[in-house]
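S.K.: Attaching a single structure in structure tokens format; questions to follow.
The values are calculated or read from the model by the stated rules, or taken from the named source; none is laboratory data. Computed from a prediction, not measured in an experiment: that's the story for all the values here. Cβ coordinates were reconstructed from backbone atoms using ideal geometry, including for glycine residues, and neighbour counts include every protein chain displayed.
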């Protein structure tokens, strides 16, 4: 039996109930299916932080996205969704090590965001807030993430929720009044790693 992804590139067990009308607000999506190279060179969709880090911290390879270079910490913004109540999600394509890349909500810059990431050693889901360059763990004991799992972060008011394949696995409070950005995106450049993400999707709740 052949299982065919839907038009957004998601398999049946990855279909998110939060995207069912009237909440189907797909503000930004990227399947990375284009020529290999630095993310910022491939499309006007993404805007890289031009102050911090070197070009090419995020690399498209074989239709997926990964981070390279431990010294090239850069953030990438997708189009502004216009609301602080928002979500961001990706399909994970590698869990053998850290993807070196946070998937972020309320992203002001590389030093201010709420981010979702897969732990280097355990393969577990983690959520962190970064305020002025100081990281605070919101959860570090998330369940393991497998290849082809969809991971998703939602922020709404002072609350955050984390999902794996549409199942909510962790939640809590953000307690960061300064994080008021309506942008989402990626913060990368911690560790060399093969491409790990696919099917980026973001929008407002």
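S.K.: Quick check on my filter: what residues within the stretch 126-140 are in a loop (DSSP other than H, G, I, E, B) and in contact with a strand residue (DSSP E or B) (Cβ under 7 Å, 6 or more places away or on another chain)?
M.R.: Listed by number, the residues that qualify are 132, 140.
S.K.: Can I ask one more? Just one of 177, 143 is out of contact with any strand residue (DSSP E or B) (no Cβ under 9 Å at 6 or more places or on another chain) and modelled with pLDDT of 90 or more; which is it?
M.R.: Just a single option satisfies the conditions, and that option is 177.
S.K.: Sticking with this one: Of the residues that sit in the stretch 72-125 and are on the phi > 0 side of the Ramachandran plot and assigned to a loop (DSSP other than H, G, I, E, B), which one is modelled with the lowest pLDDT?
M.R.: 100
S.K.: Testing residue 62 on (1) at positive phi; (2) modelled with pLDDT of 85 or more; (3) surrounded by fewer than 22 Cβ atoms within 10 Å (Cβ to Cβ), one condition comes back false. Which one is that?
M.R.: For residue 62, the exception is condition (2).
S.K.: Could you check, for the stretch 163-172, whether at least one of its residues is surrounded by fewer than 17 Cβ atoms within 10 Å (Cβ to Cβ), outside any strand (DSSP E or B) and at pLDDT below 95?
M.R.: yes
S.K.: Quick check on the stretch 173-192: of everything there that is assigned to a loop (DSSP other than H, G, I, E, B) and within 14 Å of the chain's Cα centre (by Cα), which residue is surrounded by the most Cβ atoms within 10 Å (Cβ to Cβ)?
M.R.: The extreme case among them is 184.
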